[in-house]
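**Student:** Below you'll find the structure I mean.
The values are calculated or read from the model by the stated rules, or taken from the named source; none is laboratory data. The structure presented is a predicted model; accordingly, all values stated were derived computationally and were not measured. Neighbour counts run over all protein chains shown; Cβ positions are idealised from the backbone, glycine included. Please note that ligands, DNA and RNA were not included when accessible areas were found on the heavy atoms of the full protein model with its side chains. Shrake-Rupley method; radii C 1.70, N 1.55, O 1.52, S 1.80 Å.
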Amino acid sequence: MTVPQVERLCYAATLVAAFAYSSGYAGWVLPILLVLSLGAVLAGRRRWIPTTLDRPMGALLAAVLASGLASEWRGESVGLATLFAAAVLVTVFSVGLALRVGRGAVGAIAWAWIAGGLAAAVWGIARSGTWPVAASTPAVGANGLGTTLAAAYALTLGTWTVASGRVQRGLIAFGLPVLAAGLELTGSRGAWIGTAAAAAVLIAVAPRARGALVVLCLASVVLATLAIGQKREPLARRLGSIPSLEANVDRWDLWRSVPKIVRNHPALGTGYGTFTRIWPRYSPDPRYGEKPTAHNVYLNFAAETGLLGLAAFLAFVGAGLGGLWRRLGQHRGDGRTDGLWAGFLAAAVAILTHQLFDATVMSWHTGYGLIALFALGAARDG
(Lines give C-alpha, C1' and ligand atoms only; values in the text may rest on other atoms or scores of the structure.)
Protein backbone atom coordinates (compact mmCIF):
# COMPACT_ATOMS: atom_id res chain seq x y z
CA MET A 1 0.00 0.00 0.00
CA THR A 2 1.40 3.39 -0.98
CA VAL A 3 1.82 6.31 1.41
CA PRO A 4 -0.95 8.39 -0.26
CA GLN A 5 -3.30 5.44 0.16
CA VAL A 6 -2.45 5.15 3.86
CA GLU A 7 -3.04 8.88 4.31
CA ARG A 8 -6.40 8.71 2.54
CA LEU A 9 -7.39 5.79 4.76
CA CYS A 10 -6.38 7.85 7.80
CA TYR A 11 -8.56 10.70 6.53
CA ALA A 12 -11.48 8.30 6.06
CA ALA A 13 -10.95 6.91 9.56
CA THR A 14 -11.03 10.47 10.94
CA LEU A 15 -14.44 10.97 9.34
CA VAL A 16 -15.60 7.66 10.82
CA ALA A 17 -14.30 8.78 14.21
CA ALA A 18 -16.26 12.05 13.96
CA PHE A 19 -19.40 10.04 13.22
CA ALA A 20 -18.68 7.46 15.93
CA TYR A 21 -17.87 10.09 18.54
CA SER A 22 -21.40 11.44 18.55
CA SER A 23 -22.72 7.98 19.43
CA GLY A 24 -20.01 7.39 22.02
CA TYR A 25 -17.96 4.88 20.10
CA ALA A 26 -14.89 6.87 19.03
CA GLY A 27 -12.84 4.68 21.36
CA TRP A 28 -13.20 1.78 18.96
CA VAL A 29 -11.83 3.86 16.08
CA LEU A 30 -8.71 5.05 17.94
CA PRO A 31 -6.74 1.79 17.44
CA ILE A 32 -7.37 2.06 13.69
CA LEU A 33 -6.23 5.68 13.69
CA LEU A 34 -3.13 4.64 15.65
CA VAL A 35 -2.16 1.99 13.10
CA LEU A 36 -2.77 4.28 10.13
CA SER A 37 -0.95 7.20 11.74
CA LEU A 38 2.05 5.00 12.50
CA GLY A 39 1.93 3.78 8.91
CA ALA A 40 2.13 7.33 7.61
CA VAL A 41 5.02 8.15 9.97
CA LEU A 42 7.04 4.96 9.37
CA ALA A 43 6.73 5.36 5.61
CA GLY A 44 8.86 8.46 6.05
CA ARG A 45 6.63 10.95 4.31
CA ARG A 46 4.99 12.36 7.41
CA ARG A 47 6.52 13.21 10.73
CA TRP A 48 4.75 15.08 13.49
CA ILE A 49 2.58 17.83 12.00
CA PRO A 50 3.26 20.99 14.05
CA THR A 51 0.31 22.62 15.79
CA THR A 52 -0.21 25.50 18.19
CA LEU A 53 -1.17 22.89 20.80
CA ASP A 54 2.24 21.25 20.90
CA ARG A 55 3.77 22.95 23.94
CA PRO A 56 0.73 22.88 26.26
CA MET A 57 -0.02 19.34 25.07
CA GLY A 58 3.53 18.24 25.91
CA ALA A 59 3.25 19.80 29.37
CA LEU A 60 -0.10 18.09 29.98
CA LEU A 61 1.11 14.65 28.91
CA ALA A 62 4.27 15.03 31.02
CA ALA A 63 2.19 15.98 34.09
CA VAL A 64 -0.23 13.08 33.56
CA LEU A 65 2.57 10.52 33.15
CA ALA A 66 4.47 11.94 36.14
CA SER A 67 1.35 11.64 38.30
CA GLY A 68 1.10 7.97 37.34
CA LEU A 69 4.74 7.27 38.18
CA ALA A 70 4.34 8.93 41.60
CA SER A 71 1.01 7.25 42.35
CA GLU A 72 0.31 4.78 45.12
CA TRP A 73 -1.41 2.76 42.38
CA ARG A 74 1.46 3.11 39.91
CA GLY A 75 0.72 0.15 37.67
CA GLU A 76 -2.91 1.09 37.13
CA SER A 77 -2.28 4.83 36.81
CA VAL A 78 0.68 4.57 34.42
CA GLY A 79 -1.37 2.32 32.16
CA LEU A 80 -4.26 4.79 32.08
CA ALA A 81 -1.89 7.73 31.64
CA THR A 82 -0.16 6.00 28.71
CA LEU A 83 -3.53 5.35 27.08
CA PHE A 84 -4.47 9.00 27.59
CA ALA A 85 -1.20 10.20 26.04
CA ALA A 86 -1.50 7.86 23.06
CA ALA A 87 -5.10 8.88 22.39
CA VAL A 88 -4.28 12.60 22.54
CA LEU A 89 -1.29 12.26 20.21
CA VAL A 90 -3.16 10.07 17.71
CA THR A 91 -6.17 12.40 17.68
CA VAL A 92 -4.12 15.56 17.12
CA PHE A 93 -1.96 13.93 14.45
CA SER A 94 -4.82 12.31 12.53
CA VAL A 95 -6.95 15.47 12.49
CA GLY A 96 -3.97 17.51 11.30
CA LEU A 97 -3.27 14.94 8.59
CA ALA A 98 -6.92 14.92 7.53
CA LEU A 99 -6.89 18.70 7.07
CA ARG A 100 -3.81 18.45 4.83
CA VAL A 101 -4.89 15.43 2.81
CA GLY A 102 -8.67 15.74 2.53
CA ARG A 103 -10.17 18.23 0.14
CA GLY A 104 -12.94 20.08 1.96
CA ALA A 105 -12.04 18.22 5.15
CA VAL A 106 -13.53 20.79 7.52
CA GLY A 107 -16.98 20.52 5.98
CA ALA A 108 -16.77 16.74 5.68
CA ILE A 109 -15.85 16.38 9.37
CA ALA A 110 -18.72 18.67 10.36
CA TRP A 111 -21.32 16.70 8.40
CA ALA A 112 -19.99 13.36 9.64
CA TRP A 113 -20.22 14.71 13.19
CA ILE A 114 -23.80 15.88 12.66
CA ALA A 115 -24.86 12.58 11.08
CA GLY A 116 -23.42 10.69 14.04
CA GLY A 117 -25.26 12.95 16.45
CA LEU A 118 -28.57 12.32 14.72
CA ALA A 119 -28.00 8.56 14.76
CA ALA A 120 -27.13 8.67 18.45
CA ALA A 121 -30.16 10.83 19.28
CA VAL A 122 -32.53 8.42 17.53
CA TRP A 123 -30.88 5.45 19.23
CA GLY A 124 -31.01 7.13 22.63
CA ILE A 125 -34.66 8.10 22.22
CA ALA A 126 -35.52 4.53 21.21
CA ARG A 127 -33.76 3.18 24.33
CA SER A 128 -35.49 5.60 26.70
CA GLY A 129 -38.52 4.39 28.56
CA THR A 130 -40.76 5.59 31.34
CA TRP A 131 -38.72 8.15 33.28
CA PRO A 132 -36.26 7.73 34.99
CA VAL A 133 -35.09 5.42 32.17
CA ALA A 134 -33.03 8.01 30.31
CA ALA A 135 -31.89 8.18 26.72
CA SER A 136 -28.46 6.56 26.53
CA THR A 137 -26.16 4.35 24.50
CA PRO A 138 -24.42 1.28 25.95
CA ALA A 139 -20.90 2.71 25.76
CA VAL A 140 -21.42 6.09 27.43
CA GLY A 141 -24.68 6.14 29.37
CA ALA A 142 -26.97 9.13 29.73
CA ASN A 143 -24.44 11.78 30.79
CA GLY A 144 -21.95 10.77 28.10
CA LEU A 145 -24.67 10.90 25.47
CA GLY A 146 -25.60 14.32 26.81
CA THR A 147 -22.03 15.48 26.12
CA THR A 148 -21.96 14.24 22.55
CA LEU A 149 -25.46 15.48 21.70
CA ALA A 150 -24.73 18.93 23.15
CA ALA A 151 -21.71 19.21 20.86
CA ALA A 152 -23.66 17.90 17.85
CA TYR A 153 -26.51 20.35 18.51
CA ALA A 154 -24.09 23.29 18.64
CA LEU A 155 -22.32 22.24 15.45
CA THR A 156 -25.63 21.69 13.66
CA LEU A 157 -26.73 25.20 14.58
CA GLY A 158 -23.49 26.63 13.25
CA THR A 159 -23.74 24.64 10.03
CA TRP A 160 -27.17 26.14 9.35
CA THR A 161 -25.52 29.49 8.63
CA VAL A 162 -23.48 28.04 5.74
CA ALA A 163 -25.86 25.32 4.51
CA SER A 164 -26.65 25.56 0.82
CA GLY A 165 -29.75 24.21 -0.81
CA ARG A 166 -33.03 22.86 0.48
CA VAL A 167 -31.68 19.39 1.24
CA GLN A 168 -29.03 20.59 3.69
CA ARG A 169 -31.31 23.11 5.37
CA GLY A 170 -34.12 20.58 5.52
CA LEU A 171 -31.84 18.05 7.18
CA ILE A 172 -30.78 20.62 9.76
CA ALA A 173 -34.33 21.83 10.38
CA PHE A 174 -35.40 18.22 10.94
CA GLY A 175 -32.30 17.27 12.90
CA LEU A 176 -32.32 20.04 15.51
CA PRO A 177 -35.60 18.93 17.20
CA VAL A 178 -34.39 15.32 17.13
CA LEU A 179 -31.12 16.32 18.81
CA ALA A 180 -33.02 18.48 21.29
CA ALA A 181 -35.38 15.61 22.15
CA GLY A 182 -32.47 13.25 22.67
CA LEU A 183 -30.77 15.83 24.88
CA GLU A 184 -33.90 16.35 26.98
CA LEU A 185 -34.41 12.63 27.45
CA THR A 186 -30.85 12.05 28.67
CA GLY A 187 -31.85 13.98 31.80
CA SER A 188 -28.26 15.28 31.83
CA ARG A 189 -28.57 18.65 33.51
CA GLY A 190 -24.94 19.53 32.86
CA ALA A 191 -25.45 18.87 29.15
CA TRP A 192 -28.51 21.12 29.15
CA ILE A 193 -26.48 23.93 30.69
CA GLY A 194 -23.64 23.29 28.23
CA THR A 195 -26.03 23.44 25.27
CA ALA A 196 -27.48 26.74 26.49
CA ALA A 197 -23.96 28.17 26.85
CA ALA A 198 -23.02 26.97 23.37
CA ALA A 199 -26.15 28.51 21.81
CA ALA A 200 -25.41 31.83 23.53
CA VAL A 201 -21.82 31.82 22.23
CA LEU A 202 -22.93 30.92 18.71
CA ILE A 203 -25.55 33.66 18.62
CA ALA A 204 -22.95 36.14 19.89
CA VAL A 205 -20.28 35.29 17.29
CA ALA A 206 -22.64 34.94 14.30
CA PRO A 207 -24.44 38.31 14.21
CA ARG A 208 -25.62 38.07 10.59
CA ALA A 209 -27.62 34.93 11.44
CA ARG A 210 -28.61 35.91 14.97
CA GLY A 211 -32.37 36.09 14.37
CA ALA A 212 -32.52 32.77 12.53
CA LEU A 213 -30.45 31.03 15.22
CA VAL A 214 -32.71 32.28 18.00
CA VAL A 215 -35.78 31.06 16.12
CA LEU A 216 -34.17 27.68 15.41
CA CYS A 217 -33.21 27.20 19.07
CA LEU A 218 -36.64 28.09 20.38
CA ALA A 219 -38.51 26.09 17.73
CA SER A 220 -36.38 22.96 18.21
CA VAL A 221 -36.76 23.02 22.00
CA VAL A 222 -40.52 23.59 21.80
CA LEU A 223 -41.02 20.80 19.24
CA ALA A 224 -38.82 18.42 21.23
CA THR A 225 -40.66 19.19 24.47
CA LEU A 226 -44.02 18.59 22.82
CA ALA A 227 -42.77 15.32 21.32
CA ILE A 228 -41.63 13.75 24.59
CA GLY A 229 -45.22 13.73 25.89
CA GLN A 230 -45.75 12.46 29.44
CA LYS A 231 -42.04 12.69 30.23
CA ARG A 232 -42.25 16.48 30.26
CA GLU A 233 -43.33 16.75 33.89
CA PRO A 234 -40.54 14.65 35.51
CA LEU A 235 -37.95 16.26 33.25
CA ALA A 236 -39.25 19.71 34.22
CA ARG A 237 -38.77 18.76 37.87
CA ARG A 238 -35.24 17.64 37.05
CA LEU A 239 -34.56 20.96 35.36
CA GLY A 240 -35.87 22.76 38.44
CA SER A 241 -33.50 20.75 40.65
CA ILE A 242 -30.39 22.36 39.13
CA PRO A 243 -30.05 25.13 41.77
CA SER A 244 -31.20 22.91 44.66
CA LEU A 245 -28.49 22.17 47.25
CA GLU A 246 -30.51 19.27 48.61
CA ALA A 247 -30.89 17.64 45.19
CA ASN A 248 -27.15 17.99 44.51
CA VAL A 249 -25.74 17.08 47.90
CA ASP A 250 -23.64 14.25 46.47
CA ARG A 251 -21.98 16.67 44.02
CA TRP A 252 -21.20 19.15 46.80
CA ASP A 253 -19.65 16.44 48.96
CA LEU A 254 -17.54 15.24 46.03
CA TRP A 255 -16.32 18.75 45.28
CA ARG A 256 -15.58 19.51 48.94
CA SER A 257 -13.35 16.44 49.12
CA VAL A 258 -11.01 17.65 46.37
CA PRO A 259 -9.23 20.44 48.37
CA LYS A 260 -8.49 17.84 51.04
CA ILE A 261 -7.05 15.47 48.46
CA VAL A 262 -4.97 18.25 46.91
CA ARG A 263 -3.69 19.33 50.32
CA ASN A 264 -2.32 15.81 50.87
CA HIS A 265 -1.10 15.36 47.28
CA PRO A 266 -0.36 18.91 46.08
CA ALA A 267 2.14 18.58 43.24
CA LEU A 268 1.29 15.43 41.28
CA GLY A 269 -1.98 14.29 42.81
CA THR A 270 -2.98 10.69 43.48
CA GLY A 271 -2.28 9.51 39.93
CA TYR A 272 -4.23 9.83 36.72
CA GLY A 273 -7.40 7.71 36.79
CA THR A 274 -7.34 7.01 40.52
CA PHE A 275 -10.18 9.14 41.86
CA THR A 276 -12.24 6.01 42.44
CA ARG A 277 -9.40 4.65 44.57
CA ILE A 278 -8.87 7.72 46.71
CA TRP A 279 -12.50 8.79 47.13
CA PRO A 280 -13.48 6.26 49.86
CA ARG A 281 -10.81 7.74 52.15
CA TYR A 282 -12.47 11.15 51.97
CA SER A 283 -16.13 10.19 51.63
CA PRO A 284 -18.15 12.11 54.23
CA ASP A 285 -21.00 9.64 54.01
CA PRO A 286 -20.62 5.95 53.10
CA ARG A 287 -24.08 5.86 51.53
CA TYR A 288 -22.65 7.62 48.45
CA GLY A 289 -20.29 4.71 47.86
CA GLU A 290 -17.42 4.94 45.39
CA LYS A 291 -17.60 7.59 42.69
CA PRO A 292 -15.81 7.17 39.34
CA THR A 293 -15.00 10.87 38.95
CA ALA A 294 -15.23 14.15 40.83
CA HIS A 295 -18.09 15.20 38.52
CA ASN A 296 -16.03 18.21 37.52
CA VAL A 297 -13.16 17.59 35.13
CA TYR A 298 -11.10 20.50 36.47
CA LEU A 299 -11.36 19.22 40.04
CA ASN A 300 -10.72 15.73 38.72
CA PHE A 301 -7.39 16.83 37.23
CA ALA A 302 -6.53 18.68 40.45
CA ALA A 303 -7.11 15.55 42.55
CA GLU A 304 -5.49 13.05 40.20
CA THR A 305 -2.62 15.07 38.71
CA GLY A 306 -2.13 17.79 41.32
CA LEU A 307 -1.70 21.49 40.83
CA LEU A 308 0.89 20.92 38.10
CA GLY A 309 -1.52 18.78 36.14
CA LEU A 310 -4.39 21.21 36.64
CA ALA A 311 -2.27 24.13 35.42
CA ALA A 312 -1.19 22.11 32.38
CA PHE A 313 -4.78 21.10 31.62
CA LEU A 314 -6.00 24.71 31.87
CA ALA A 315 -3.18 25.83 29.55
CA PHE A 316 -4.17 23.10 27.10
CA VAL A 317 -7.82 24.18 27.20
CA GLY A 318 -6.83 27.81 26.75
CA ALA A 319 -4.67 26.97 23.73
CA GLY A 320 -7.46 24.86 22.24
CA LEU A 321 -10.11 27.56 22.59
CA GLY A 322 -7.64 30.18 21.37
CA GLY A 323 -6.98 28.16 18.23
CA LEU A 324 -10.68 27.84 17.44
CA TRP A 325 -11.17 31.56 18.04
CA ARG A 326 -8.30 32.40 15.66
CA ARG A 327 -9.74 30.10 13.01
CA LEU A 328 -13.09 31.81 13.32
CA GLY A 329 -11.40 35.19 12.90
CA GLN A 330 -9.50 34.00 9.82
CA HIS A 331 -12.70 32.79 8.16
CA ARG A 332 -15.08 35.52 9.33
CA GLY A 333 -17.14 36.75 6.40
CA ASP A 334 -16.49 33.59 4.39
CA GLY A 335 -20.01 32.33 3.74
CA ARG A 336 -18.76 28.80 3.11
CA THR A 337 -16.85 28.14 6.33
CA ASP A 338 -17.37 30.79 9.01
CA GLY A 339 -20.46 29.06 10.39
CA LEU A 340 -18.56 25.77 10.63
CA TRP A 341 -15.85 27.36 12.75
CA ALA A 342 -18.45 29.12 14.89
CA GLY A 343 -20.12 25.73 15.36
CA PHE A 344 -16.84 24.03 16.30
CA LEU A 345 -16.12 26.76 18.87
CA ALA A 346 -19.64 26.48 20.29
CA ALA A 347 -19.33 22.68 20.45
CA ALA A 348 -16.13 23.04 22.51
CA VAL A 349 -17.93 25.48 24.83
CA ALA A 350 -20.79 22.99 25.23
CA ILE A 351 -18.42 20.20 26.25
CA LEU A 352 -16.29 22.32 28.59
CA THR A 353 -19.34 23.82 30.30
CA HIS A 354 -20.80 20.36 30.85
CA GLN A 355 -17.49 19.36 32.46
CA LEU A 356 -18.16 21.80 35.29
CA PHE A 357 -20.72 19.26 36.51
CA ASP A 358 -19.34 16.01 35.11
CA ALA A 359 -16.10 14.48 33.89
CA THR A 360 -17.37 12.60 30.88
CA VAL A 361 -14.31 13.54 28.79
CA MET A 362 -12.23 11.32 31.07
CA SER A 363 -13.65 8.43 29.01
CA TRP A 364 -12.15 8.17 25.54
CA HIS A 365 -15.47 7.25 24.01
CA THR A 366 -16.50 10.83 24.75
CA GLY A 367 -13.15 12.56 25.29
CA TYR A 368 -12.16 12.23 21.64
CA GLY A 369 -14.49 15.04 20.58
CA LEU A 370 -12.89 17.75 22.72
CA ILE A 371 -9.36 16.87 21.58
CA ALA A 372 -10.48 16.70 17.94
CA LEU A 373 -12.06 20.15 18.22
CA PHE A 374 -8.87 21.58 19.69
CA ALA A 375 -6.83 19.86 16.96
CA LEU A 376 -9.01 21.42 14.26
CA GLY A 377 -8.32 24.89 15.61
CA ALA A 378 -4.64 24.26 16.28
CA ALA A 379 -3.62 22.90 12.86
CA ARG A 380 -1.28 25.31 11.11
CA ASP A 381 -2.52 24.37 7.67
CA GLY A 382 -5.81 23.13 6.32
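**Student:** Skip the ligands, DNA and RNA, and give the accessible area per residue of segment 89-144 with a 1.4 Å probe, whole Å².
**Tutor:** That works out to 36 Å² for each residue.
**Student:** Could you tell me which of rounded, prolate or oblate describes segment 318-379, using a ≥ b ≥ c as the square roots of the eigenvalues of the alpha-carbon gyration tensor, with rounded for a/c under 1.5 and, failing that, prolate when a/b is larger than b/c and oblate otherwise?
**Tutor:** prolate
**Student:** By the gyration tensor of its Cα atoms, with a ≥ b ≥ c the square roots of the eigenvalues, what is the shape of segment 21-101: rounded for a/c under 1.5, prolate for a/b over b/c, or oblate?
**Tutor:** Prolate is the answer for segment 21-101, as a/c is 1.5 or above and a/b outweighs b/c.
**Student:** Related question: Rolling a 1.4 Å sphere over the protein heavy atoms, what is the accessible area per residue of segment 236-382, to the nearest Å²?
**Tutor:** 41
**Student:** Give me the percent of the accessible area of the chain that comes from carbon and sulfur atoms, probe 1.4 Å, all protein chains in place.
**Tutor:** Its accessible area is 65 percent carbon and sulfur atoms.
**Student:** Now, a different point. Quick one: putting +1 on the C-beta of Lys and Arg, -1 on the C-beta of Asp and Glu, what dipole do you get for the chain around its Cα centre, in Debye to the nearest 20?
**Tutor:** For this selection, approximately 640 debye.
**Student:** What is the dipole size for segment 157-303, taken about its Cα centre, with +1 at each Lys and Arg Cβ and -1 at each Asp and Glu Cβ, in debye to the nearest 20?
**Tutor:** 180
**Student:** Next question. Please say if segment 81-174 is rounded, prolate or oblate, where rounded means a/c under 1.5 for a ≥ b ≥ c the square roots of the C-alpha gyration tensor eigenvalues, and otherwise the choice is prolate for a/b larger than b/c and oblate otherwise? Provide the component values of the computation, followed by the final result.
**Tutor:** Numbers: a/c = 3.03, a/b = 1.12, b/c = 2.72.
Oblate, since a/c reaches 1.5 and b/c is not below a/b.
**Student:** Please sort by residue number the GluC sites (Glu not before Pro) in segment 220-309 whose DSSP state is loop and whose Cβ has at most 13 other Cβ atoms within 10 Å.
**Tutor:** Answer in residue order: Glu246, Glu290.
**Student:** Find which of Ala62, Gly24, Gly104 sits farthest along the positive direction of the dipole of the chain, computed with +1 on the beta-carbon of Lys and Arg, -1 on that of Asp and Glu, about the Cα centre.
**Tutor:** Gly104
**Student:** Would you mind telling me which residue in Ala13, Ala204, Ala372 has the biggest mean-square fluctuation in a Gaussian network model of the chain, where springs connect alpha carbons within a distance under 10 angstrom?
**Tutor:** Result: Ala204 has the largest fluctuation of those listed.
**Student:** For the chain, what is the calculated [θ] at 222 nm in deg cm²/dmol (nearest 500), taking -39500 (n - 2.57) for each run of four or more DSSP H residues and dividing by its residue count?
**Tutor:** -25000 deg cm²/dmol
**Student:** Can you tell which of Val162, Gly240, Leu213 lies farthest toward the positive end of the dipole of segment 162-282, using +1 and -1 charges on the Cβ of basic and acidic side chains (Lys, Arg; Asp, Glu)?
**Tutor:** Comparing the listed Cα positions along the dipole, Val162 ranks first.
**Student:** Find which of Trp325, Gly335, Thr293 sits farthest along the positive direction of the dipole of the chain, computed with +1 on the beta-carbon of Lys and Arg, -1 on that of Asp and Glu, about the Cα centre.
**Tutor:** Highest projection toward the positive end goes to Gly335.
**Student:** For the chain, the longest stretch holding no trypsin sites (Lys or Arg not before Pro) located in a DSSP loop with at most 10 other Cβ atoms within 10 Å is which?
**Tutor:** The longest such stretch corresponds to 104-382.
**Student:** For segment 3-53, what is the accessible area per residue in Å², given a 1.4 Å probe and the full set of protein chains?
**Tutor:** 46
**Student:** To the nearest 20 Debye, how big is the dipole of segment 234-273 about its Cα centre, given +1 on the beta carbon of each Lys and Arg and -1 on that of each Asp and Glu? Can you show the working numbers first?
**Tutor:** Working: 6 positive and 3 negative charges, 10 e Å.
Dipole size: approximately 40 debye.
**Student:** While we're on this one: So what is the relative contact order of the chain, in percent, for Cα pairs below 8 Å that sit 6 or more residues apart?
**Tutor:** Over the chain, the number comes to 27 percent.
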